[in-house]
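The values are calculated or read from the model by the stated rules, or taken from the named source; none is laboratory data. Since we're looking at a predicted model, the values are computed, not measured. Every residue, glycine among them, receives a Cβ derived from its backbone with ideal geometry; neighbour counts consider all protein chains shown. These accessible areas exclude ligands, DNA and RNA; they are computed on the full protein's heavy atoms, side chains included. Shrake-Rupley method; radii C 1.70, N 1.55, O 1.52, S 1.80 Å.
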Amino acid sequence: MPGNNMSSKGSGSRPLIAPELLPMLDHLPAFDFNEETLRALRAGTAMAPRKRPPLSPELEAVTCEQHFIPGPAGAPEVRVLVYTPPGPKPAAGYPALLHMHGGGYVIGNAETHDGSNRSLATELGCRVVSVDY
């Protein structure tokens, strides 16, 4: 969809953006979503991979397990990462928080917010389930 760049004044989806958000939008880099750039984004080649910052010992102590949840009939399984805080399991079990990363089904994955998901698990004493879609 060439020309559908939201950060270009007067084009594409810009008229659909809430007016109070437009000043912030003007500071974002221009990006034209088309078939070629979407393929590159999905393949992970359009943006340089970020190196994961080192985690504190407290965050390293959070376990992260990969699971696959069945999808509807004929659909693929959905991969999730389950973050569990260290220490004994509460008698009543863990509360849970579902994390769904942003990115418009184009950018990001279940690992995108690894550090913050580990922090949430520790600070809230809950399991965090991060969905990879």
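Scanning the stretch 100-120 for residues that are in a loop (DSSP other than H, G, I, E, B), more than 18 Å from residue 56 (Cβ to Cβ) and out of contact with any helix residue (DSSP H, G or I) (no Cβ under 8 Å at 6 or more places or on another chain) returns 101, 102, 103, 104, 105, 108, 109, 110, 112.
Look at residue 58 and say whether it is in contact (Cβ under 8 Å) with a residue 60 or more places away in the chain and either touching a Cys at 6+ places or on another chain (Cβ under 9 Å) or not aromatic (Phe, Trp, Tyr) (or both).
On the way: in contact (Cβ under 8 Å) with a residue 60 or more places away in the chain: yes; either touching a Cys at 6+ places or on another chain (Cβ under 9 Å) or not aromatic (Phe, Trp, Tyr) (or both): yes.
Yes: the conditions hold for residue 58.
Checking each residue in the stretch 43-86 for being hydroxyl-bearing (Ser, Thr, Tyr), at pLDDT below 95 and under 27 Å from residue 120 (Cα atoms) picks out only 56. Each residue in the stretch 62-93 was checked for being open to solvent by less than 50 Å² (accessible area, probe 1.4 Å) and among the hydroxyl-bearing types (Ser, Thr, Tyr), and 2 of them qualify. Among the residues making up the stretch 96-124, a single one is farther than 21 Å from residue 53 by Cα, open to solvent by less than 70 Å² (accessible area, probe 1.4 Å) and at pLDDT 95 or above: 97. Residues in the stretch 27-42 that are more than 14 Å from residue 107 (Cβ to Cβ) and surrounded by fewer than 10 Cβ atoms within 10 Å (Cβ to Cβ) were compared, and the one that is modelled with the highest pLDDT is 35.
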